[in-house]
Structure formats: structure tokens, C-alpha cells
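The values are calculated or read from the model by the stated rules, or taken from the named source; none is laboratory data. Values in this document were obtained by computation on a predicted structure and should not be read as measured data. All Cβ positions, glycine included, derive from the backbone under ideal geometry; neighbour counts span all protein chains shown.
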Amino acid sequence: MSKHSFNPNSPALGCKKQRLDKNNNSVEEESVPAPSSDISHPLVQREMCLYCFDVLHRQLFNQDPPPQPRTFPNHACPLFVTWSYGKDQRLRGCIGTFKAMNLYTGLREYALNSALRDSRFSPITQKEFPHLYCSVSLLTDFEDAADYKDWQIGVHGIRIEFLNDRGSQRSATYLPKVAVEQGWNHQETIDSLLRKGGYKGSINEAVRSSVRLTRYRSDELQLHAGDYFAEQANGYRV
């Protein structure tokens, strides 16, 4: 495998926003160029989740947007924001980008996109807010894999590129936790990703072997809305 030499102007890894399965904690990805980052190992901070909660809370309750954060650095990094609901943490939205974005802008944009504009779900409501969980994932260490099995379940997220049965280039991704949560092996994960990306033909070893796979790592942190309210009650501001 090899590290990517990223060109932020290249369309090679571009993909269209996709409608995905509500039941497998999958993600929607925006149309973006190749992934890149100005930091090698960003660390997710709880303040990033608190900021996402603040952005969404102010949007839902018709308040002014929050000021620019002062409690975490404004690095550029590919990222995903995930919202889930209730004790069973039912997925309510997950959208991100493989394009490196400054965190202040990226977290604000994708906190709202994933909560209100994920085409798989109705927008999150005021009533739901107290029962929400927010997860922020920062993506790093993008590498070209040798083949479709050249990644470690539970460690790597994967993004595949392939030609669908009509000859059009498509792509799809799963964050590292998805294969573990579903109990999938490498083949099952790839087969699911092919379907997620719109491949409707018969899937065999030749199809799997034709996939171009990029593996990456994700640093993730999750907070509950109760954590946000507790911080607000103590006068904390991001």
C-alpha cells in the first residue's frame, strides 16, 4: 500500500451524495475531491461535540449562530458528524466530507447538514434534542490498499471506488465502527458497500477484486445532549 499524494483539485475521488440504508448506521458523503489534511493525527476534543450541539440548538430554537470557538484549534481535516437518538442510539443523520475543511467551518456545516439534510431521515426536531447523541469523527492516515481485504476490521474505515453495472464510476464509504457493529467480515463489508454505492449486478470475486480501496483511520468522540446542558448550566461557552 502507499500513502496518497493528495491533489485537492482532482475529481478522481469525487462521488455523488447517495441514498443509503437506514438500518446499517451508514453514512452519506458529499461530492468532494481527494482527501487531504494539514495535520497527521488530529485529536477529537469534547469541545468539538459541544460546539456541534450549540450550533444545532441555536438553529432549532431560532437563535443567533454561536461565536467562533476558542477552545480547540482550527485545523483542516476531513470529518463526519453523526447524530443518534435515544437509549438505543438510533441513527438520525450522518454526513461528512473527505475534503480537508477548517474545523470551525466544517463542524458547523456538517452538524446542520447531518441533523437537518440527511435525505434518509426527517429533520431533527426541538423535541428530540434533549435525547440526542453527537459523534465527531476526524479522518486521518489515508492509504491505498493492495486489495479489498487489505484493511483491519475495527481499525480502518474504507472507501471504495468502482464501476457500476452501467460503467459509471461510483464510490461509497463506511467509518471504522460499521463493520464491527454489523458483525461483518471483509467480503460482507465490501459487498454491502457495493450495494450502498449503487451496484445492482451480481457480485463475485472478480467484481470485488476490481474495486479500488482506500483505507483510513478515524478519531471519534461522542457526547450526549445532557453533557451540553450541564456545561451550559455551569456557564461554559465553547
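Worth pointing out:
- Options 104, 85, 110, 148; residue that is of a type in the set (Phe, Trp, Tyr) and not assigned by TED's automatic domain parsing to the domain that holds residue 223: 148
- Qualifying residue in the range 180-203 (condition: touching a His at 6+ places or on another chain (Cβ under 8 Å) and not assigned by TED's automatic domain parsing to the domain that holds residue 72): no
- Any hit, the range 154-171, residues being within 21 Å of residue 43 (Cβ to Cβ), without any contact (Cβ under 8 Å) to a residue 40 or more places away in the chain and not in a helix (DSSP H, G or I): yes
- For residue 117, the conditions (1) out of contact with any Pro (no Cβ under 9 Å at 6 or more places or on another chain); (2) in the same structural domain as residue 63 (by TED's automatic domain parsing) are fulfilled apart from (1).
- When residue 201 is tested against (1) at pLDDT below 95; (2) under 24 Å from residue 78 (Cβ atoms), only condition (2) is not met.
- Number of positions in the range 204-234 that are closer than 21 Å to residue 125 by Cα and at pLDDT 95 or above: 9
Conditions (1) modelled with pLDDT under 95; (2) buried (at least 18 other Cβ atoms within 10 Å of the Cβ), marked per residue:
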{"site": "31", "(1), (2)": "yes, no"}
{"site": "38", "(1), (2)": "yes, no"}
{"site": "43", "(1), (2)": "yes, no"}
{"site": "46", "(1), (2)": "no, no"}
{"site": "52", "(1), (2)": "no, yes"}
{"site": "57", "(1), (2)": "no, yes"}
{"site": "68", "(1), (2)": "yes, no"}
{"site": "71", "(1), (2)": "yes, no"}
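- Note on the range 77-101: among residues that are touching a residue at least 40 places away in the same chain (Cβ under 8 Å) and small (Gly, Ala, Ser), the one that is surrounded by the fewest Cβ atoms within 10 Å (Cβ to Cβ) is 86.
- Number of the condition not met by residue 89 [criteria: (1) at pLDDT 95 or above; (2) in contact with a Leu (Cβ under 7 Å, 6 or more places away or on another chain)]: (2)
- Some residue of the range 61-76 being assigned by TED's automatic domain parsing to the domain that holds residue 119, part of a strand (DSSP E or B), touching a residue at least 12 places away in the same chain (Cβ under 8 Å) and under 19 Å from residue 218 (Cβ atoms): yes
- Scope the range 137-157; condition touching a helix residue (DSSP H, G or I) at 6+ places or on another chain (Cβ under 7 Å) and more than 11 Å from residue 211 (Cα to Cα); matching residues: 153, 154, 155, 156, 157
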